[in-house]
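Structure first, then comments.
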Amino acid sequence: MKPITAEWVSKAEGDFAILERECRARKNPNYDGACFHAQQCAEKYLKARLCEAQLPFKRIHDLVALLRLVLKLEPTWELFHEELAFLSDFAVTFRYPGESADKQSAHEARRCCRRFRESARAGLGLDD
């Protein structure tokens, strides 16, 4: 694995750890943060796969746009289109006043992230 890919994976795993921690929190869970970190984890795994293949990408947070680039390498990831579109909204939506995530949306974001993370790690040859 290329060093830059390993960095992306490490950052993705950091986001995944925060997501898991917030979804398990019994006292003062941050559902906005959980949704954001679910999106970030998926984004970083998409970028890791692109880096590993030495495919350039722009500085974007749109998971569907990144998915389109990755599909040349991982065509089966098309199965995650809807879930990544769902997660993509969390890059900004709940980061500012006006909207907030609830427990249900946080747990759905977690489910989507977990499913994609499993495939992304397999695509990079990593154990889960």
Given charges at Cβ of Lys, Arg, Asp, Glu: the chain dipole, positive-most of Cys41, Leu71, Ala101: Cys41
Size of electric dipole in the chain: Cβ of Lys, Arg +1 and of Asp, Glu -1, about Cα centre, debye, nearest 20: 240 debye
Under-21-angstrom lysine pairs by C-alpha in the chain, whenever the two are 8 or more apart or on separate chains: 14
Area projected by the alpha carbon convex hull of the range 53-110, averaged over all directions, nm²: 4.8 nm²
Equivalent ellipsoid semi-axes - Cα gyration tensor, the range 3-123, angstrom: 24, 14, 13
In range of the label at Glu7: residues from the range 44-69 whose backbone nitrogen is under 19 Å from the point 7 Å along Cα→Cβ: 44-61
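Here, each number is a calculation from the coordinates, and none is a lab measurement. Bear in mind that the values here come from a model prediction, so they are computed numbers and not experimental data. Neighbour counts are summed over all protein chains in view; Cβ atoms, including those assigned to glycine, are modelled from backbone coordinates with ideal geometry.
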